[in-house]
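Report on the structure given below.
What follows is calculated from the coordinates using simple rules that are stated; it is not laboratory data. Every value quoted in this text rests on a predicted model; they were computed, and no experiment measured them. Here Cβ is always computed from backbone atoms with ideal geometry, including for glycine, and neighbour counts include all displayed protein chains.
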Amino acid sequence: MKDDRLSPLPSAHKDRSTADHVPDTPQTRAPAYRLAFADEDFLCRDELRPVRLQLELLKPQLALDEENIEGTIVLFGGARIPEPANKASARTETLADLTKYYDEARDFARLMTERSDGRNDVIVTGGGPGVMEAGNRGAIDAGGKSIGLNIVLPHEQAPNEYVTPELCFNFHYFAIRKMHFLMRAKAICVFPGGFGTLDEMFETLTLIQTGRMECVPFLLFGRAFWEKIINWEALADAGTISAEDLDLFRFVETAEEAIDVIDNWGDCSPRGEIPGR
């Protein structure tokens, strides 16, 4: 960590170290005596939620800035999709068939990382298994770095082994994690998945639809899967979205096709108005 302090006052690190070596007395052992920023019990109080939200936004931001990362390629997709070599472990026949998208995600991440300068086109995933693992693994295949944005879940979970360690983050707040997915996003790639993938996909589409986010290339891998679980045309026919909203994303099947679509996406300026309103 850089220390470019110009202040003549002692740093927080120095005072925390000093406070750790004060005489042991009833007063210094009391929770009230702890430095506020070094007091975990205090920081975890309900009243400190606004501070924790700010810290969770700021910590990855500073780390990514220090790594000079400017633009990312976001991969969303199912945690339950195994790699083809473990196809037999798939819980359903459909999941077994979807293992091909593990390879497509891995190939796509490799190809994008090969042309990355380490600042742009950096792969970011949710840091977990399945499609997320494939994305981070593809970056490793290309000798590059990638980001993992993990979330604390009730069941035991660890980041996949392919995330670049210094770019592996852990979140308490889903909302802040979602912000970090999109703050540097230059393209969104969504592979087959479940509730979490659908949540991330629709939230991002809503931001683009409403003009709250600039248009970026938005790709759905696997037309058959997406058209089976979502009747896109019915939404437009009902008028709950406009026909133009169906142009916010495109279907692709392979890594090579995805890169071609990204390179030739066209205008990505924010919407001036919402069609159909």
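Observations, loosely collected:
- Lysines with Cα under 23 Å of residue 186, excluding same-chain neighbours fewer than 8 positions away: 59, 145, 178
- Applying the Karplus relation 6.51 cos²θ - 1.76 cosθ + 1.60 with θ = phi - 60° to the stretch 52-63 yields 3J(HN,Hα) values of 5, 4, 5, 5, 5, 6, 7, 4, x, 4, 5, 5 Hz, where x marks Gly and Pro.
- In a DSSP loop and with at most 12 other Cβ atoms within 10 Å, the trypsin sites (Lys or Arg not before Pro) in the stretch 203-247 are 212.
- Scaling against 2.2 N^0.38 Å puts the C-alpha radius of gyration of the chain at 1.18.
- In degrees, nearest ten, helix 131-141 long axis to first principal axis of the chain (Cα): 80 degrees
- Proximal lysines to residue 228, defined as alpha-carbon separation beneath 20 angstrom and excluding residues fewer than eight positions away on the same chain: 100
- Taking label positions 7 Å along the Cα-Cβ direction at both residue 40 and residue 92, the computed distance is 4.0 nm, reported to one decimal.
- Across 39, 65, 121, mean-square fluctuation computed from a Gaussian network of the chain (C-alpha pairs under 10 Å connected) peaks at 39.
- Loop sites in the stretch 116-218: GluC sites (Glu not before Pro), DSSP, at most 12 other Cβ within 10 Å: 156, 161
- Cα pair distances exceeding 14 angstrom across the stretch 104-184, given as percent: 57 percent
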